[in-house]
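Visitor: Quick one: structure below, then a few questions.
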Amino acid sequence: MNLHEYQAKALFAEYGIPVPPGRVATTAAEAQAATAALPGGVWVVKAQVHAGGRGKAGGVRLCRSPEAVAEAAAAMLGQRLVTKQTGAAGLPIHQVYVEAGSAIAREIYLSVLLNRDRGRVAFVASAAGGMDIEEVAATEPEKILRVDVDPAAGLQPYQCRRLAFGLGLEGGQIAQFERIARALYRLYLERDLSLVEINPLIVTRAGELVALDAKINVEANALYRQQALAKLRDESQEDAHELEASRHDLNYVSLDGNIACMVNGAGLAMATMDLIQLHGGAPANFLDVGGTATAERVTAAFRLVLSNERVRAVLVNIFGGIVRCDVIAEGIVQAVQQVGVKVPVIVRLEGTNAEQARSALAASGLAITAARDLTDAATKAVALAGGARVPA
Ligand code: GDP
Ligand code: MN
């Protein structure tokens, strides 16, 4: 789960990581009023959306008067911001963050994340901050510094110094950097985060380190014990289909194709998508209904995949291991009747009670195409969806 920049910065402040003073606002008047509480004659108005790349997309504006702050806020609020990271539809701006402007001497990149290969929390830093870090990694990998933290020992002072020296920090900045890194490590562990990214961490003209941007991703599986963070969720920033899926505990990812998939088990779902592609089709989604699919979940899943208007066929692929195929068949019949499915439904069922399931589908009188095996299912789905095509 992502946090907004202003929420992430509030957490930074709580952990003693320096951030510029700021106020969140939902109207232009509020944004203008906020300037009275923020020192200096320069302010920055920042669109609060769950995406980076705002600066280049007009979502970060430097203003030299309270009136200019109101104008910038009015121009952003209620609009959608399209950045390199959002896709063409962009994300809605419901809030802006007004900050006291900073005088920047240098921009540094710093992040904390999980190195899955080594099973350790890792710090990644680069003196080439303020830029697209993926691009730096691709074109100038030597500019990226990494430190993996031993979970038993914790982040060590020498590791902080190694990063600080590598970043070219000097004098008091080295101790400042160490304080920030240690606070970030504590924040990362205590709040069950999966990513903290500060791009840029700046050195001000006065030589102070300040987090100018803040991105935090909270590990979704830990939200049950991070109630305060769970409350910060902003559903307006999430994909509508994926949001609906999460309400039903369904594992769903939107894709660009036209064949909806409904599968139990993530591995089988991946294999199903591969077979659709192999036979010239393109999946409309990834959907794992889980190992304990019930008739109700199957109905919810049908509603979900059909809410995508690109869908021209539905491929149901169930292996009855823990679930019973006859229960799934009942769910399919119920769903097709309730939801009013107007596109072909191709079903491949195998495993526990598969025979009963096939008879139940046949007896239902509904236009459901039975498939003998997975290849047969994929071929039929591609044909019924309008034939093979070159995926975009
Ligand atoms: P992002 O584009 O979504 O990553 O948003 P950032 O918060 O990183 O802001 C983008 C860029 O705006 C930064 O890299 C800075 O160069 C610039 N910027 C942001 N805040 C300030 C500020 O207070 N003063 C100045 N001079 N530039 C700023
Ligand atoms: Mn940034």
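The values are calculated or read from the model by the stated rules, or taken from the named source; none is laboratory data. Computed from a predicted structure; not experimentally measured. All Cβ positions, even for glycine, are placed from backbone atoms using ideal geometry, and neighbour counts span all protein chains on display. Note: areas computed on protein heavy atoms with side chains; ligands, DNA, RNA excluded. Shrake-Rupley method; radii C 1.70, N 1.55, O 1.52, S 1.80 Å.
Visitor: Summing +1 for each Lys or Arg and -1 for each Asp or Glu, what net charge is found among the other residues whose Cβ lies under 12 Å from the Cβ of Ala181?
Guide: With Lys, Arg at +1 and Asp, Glu at -1, the net is +4.
Visitor: To check my understanding: the extent here is largest minus smallest coordinate of the Cα atoms along each principal axis. What are those three numbers for the chain, in Å, largest first?
Guide: Principal-axis extents of the chain (Cα, largest first): 78, 50, 40 Å.
Visitor: Determine the calculated [θ] at 222 nm for the chain from helices alone, applying -39500 (n - 2.57) to every DSSP H run no shorter than 4 residues and normalising by the residue count; nearest 500 deg cm²/dmol.
Guide: Calculated from helices alone, the mean residue ellipticity at 222 nm is -10500 deg cm²/dmol.
Visitor: Here is a further query. Report, to one decimal in Å, the Kirkwood hydrodynamic radius for region 21-101 based on all distinct Cα pairs.
Guide: 12.2 Å
Visitor: Summing +1 for each Lys or Arg and -1 for each Asp or Glu, what net charge is found among the other residues whose Cβ lies under 11 Å from the Cβ of Ala357?
Guide: With Lys, Arg at +1 and Asp, Glu at -1, the neighbours total -1.
Visitor: Then there's this: Over the Cα atoms of region 239-384, each weighted equally, I'd like the Debye log10 I(q)/I(0) at q = 0.11 Å⁻¹, rounded to two decimals.
Guide: -0.33
Visitor: How much accessible area per residue does the chain have, in Å², with a 1.4 Å probe?
Guide: Per-residue value: 46 Å².
Visitor: Let me ask something else about it. Leaving ligands, DNA and RNA out of it, report the carbon-plus-sulfur percent of the accessible area of the chain at a 1.4 Å probe.
Guide: 53 percent
Visitor: Can you check what the net charge comes to around Gly59, using other residues whose Cβ is under 11 Å from the Cβ of Gly59 (Lys, Arg +1; Asp, Glu -1)?
Guide: +4
Visitor: Going 7 Å from the Cα of Gln85 toward and past its Cβ, which residues in region 35-73 have a backbone nitrogen under 11 Å from where you end up?
Guide: 49-55
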